[in-house]
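Remarks on the structure that follows.
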Amino acid sequence: MFENTIQELGGILSQLEGNRVDPKDAPRIAYRQKVRQDARQAQLLSAKAVEERGRARASDSPERIKDLEQALAMYTALYSKEQQMIGIRNYALFYRSGVHATLGKSIDAIDGFQRIADLEGVDVLRPLQTSAITELIKLLAAEGKYPLAVDRATQWMSDLRPDERHAETVELQLELARVRMAWSEILKEKDPKDRTAGRLLDDARRFACVAPNRRTTPGRNS
């Protein structure tokens with residue numbers, strides 16, 4: 001879908017990078033940076049298109065796995081090669097981790113989401129980090145690691161600034177409520193009078209709310 005654009009921008013970028021540029025030539029440097037950013041954005045969108053094509057296929061289709069593995073390779077290449085554009089790099093890691101989770105590679109998925117969550121001093125990626133923690137606690141809960149999932153999400157929520165109550169935050173809040181309720185049910189099965197179970201259920205009810213319908217946009221704020 002984006003192959004022609006990628007090829008065209010790649011050719012321009014190769015030519016620009018092959019020529020020496022005067023450090024004082026700000027317009028030329030800015031143009032080269034813009035071409036590079038457009039090229040990386042096109043690569044990210046191309047990988048996302050392949051991923052979505054795979055997800056749209058039947059769950060038992062060999063083509064589904066083929067597409068997801070192709071997208072995985074594309075995300076990996078982009079993440080590995082792009083060191084300067086932190087937005088592009090980490091969106092590639094976020095989507096790659098999602099594909100890892102779908103393919104049953106939970107260790108790799110957890111590692112990827114954790115890397116994003118652990119970024120420091122990058123305010124522009126805070127919404128992405130919040131989404132990464134949402135996905136992270138889903139995976140931890142699926143492995144039965146409820147205390148770790150709750151602690152990780154609770155710590156992030158407690159560190160949020162007043163101006164960070166965005167849609168991604170509400171999505172995390174909802175997922176945290178679901179994890180608390182699931183953990184509460186497990187504890188209640190062992191002991192109906194378990195105090196921790198009761199507290200978890202109270203917390204889930206108190207903090208749960210309706211989240212607006214919003215999806216993470218590829219490469220936003222790159």
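The values are calculated or read from the model by the stated rules, or taken from the named source; none is laboratory data. A quick note: this is a predicted structure, and the numbers were derived from the prediction, not measured. Positions of Cβ are generated from backbone atoms using ideal geometry, with glycine treated the same way; all protein chains shown enter the neighbour counts.
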* **residue 116 vs. criteria out of contact with any helix residue (DSSP H, G or I) (no Cβ under 8 Å at 6 or more places or on another chain), within 27 Å of residue 46 (Cα to Cα), in a helix (DSSP H, G or I) and modelled with pLDDT of 95 or more** => no
* Limited to the range 185-195, what total is found for residues that are out of contact with any Ser or Thr (no Cβ under 8 Å at 6 or more places or on another chain) and either in contact (Cβ under 8 Å) with a residue 60 or more places away in the chain or assigned to a helix (DSSP H, G or I) (or both)? -> 6
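If you take the residues in the range 83-105 that are in a helix (DSSP H, G or I) and small (Gly, Ala, Ser), which one is farthest from residue 37 (Cα to Cα)? Reasoning before the result, please.
In the first step, residues of the range 83-105 are kept if they are in a helix (DSSP H, G or I); the result is 86-102.
Add one more test, that the residue is small (Gly, Ala, Ser), and what stays is 87, 92, 97-98, 101.
Numbers: 87: 10, 92: 14, 97: 22, 98: 23, 101: 28 Å.
Among residues in the range 83-105 that are in a helix (DSSP H, G or I) and small (Gly, Ala, Ser), the one farthest from residue 37 (Cα to Cα) is 101.
Would you please name the residue that is nearest to residue 84 (Cα to Cα), looking only at residues in the range 36-52 that are surrounded by fewer than 17 Cβ atoms within 10 Å (Cβ to Cβ) and either among the acidic types (Asp, Glu) or in contact with an Asp or Glu (Cβ under 6 Å, 6 or more places away or on another chain) (or both)? Give the steps one after another, and end with the answer.
Narrowing the range 36-52 to residues surrounded by fewer than 17 Cβ atoms within 10 Å (Cβ to Cβ): 38, 45, 49, 52.
This time we only want the ones that are either among the acidic types (Asp, Glu) or in contact with an Asp or Glu (Cβ under 6 Å, 6 or more places away or on another chain) (or both), so: 38, 52.
Numbers: 38: 14, 52: 26 Å.
Within the range 36-52, the match that is nearest to residue 84 (Cα to Cα) is 38.
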* Can you confirm whether the range 36-52 contains a residue that is in a helix (DSSP H, G or I), of a type in the set (Asp, Glu) and farther than 23 Å from residue 168 by Cβ? => yes
* To do: Test residue 133 against the criterion of being surrounded by fewer than 14 Cβ atoms within 10 Å (Cβ to Cβ), outside any loop (DSSP other than H, G, I, E, B), of a type in the set (A, V, I, L, M, F, W, C) and free of Cβ contacts under 8 Å to residues at least 40 places away in the same chain, and give yes or no.
  => no
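Filter the range 157-179 down to the residues that are assigned to a helix (DSSP H, G or I), farther than 22 Å from residue 197 by Cα and of a type in the set (Asp, Glu) and list them by number.
Taking the range 157-179 as the starting set, the residues that turn out to be assigned to a helix (DSSP H, G or I) are 157-158, 162-164, 167-179.
Still in the running and farther than 22 Å from residue 197 by Cα: 162-164, 167-171.
Residues satisfying the conditions are 163, 164, 168, 171.
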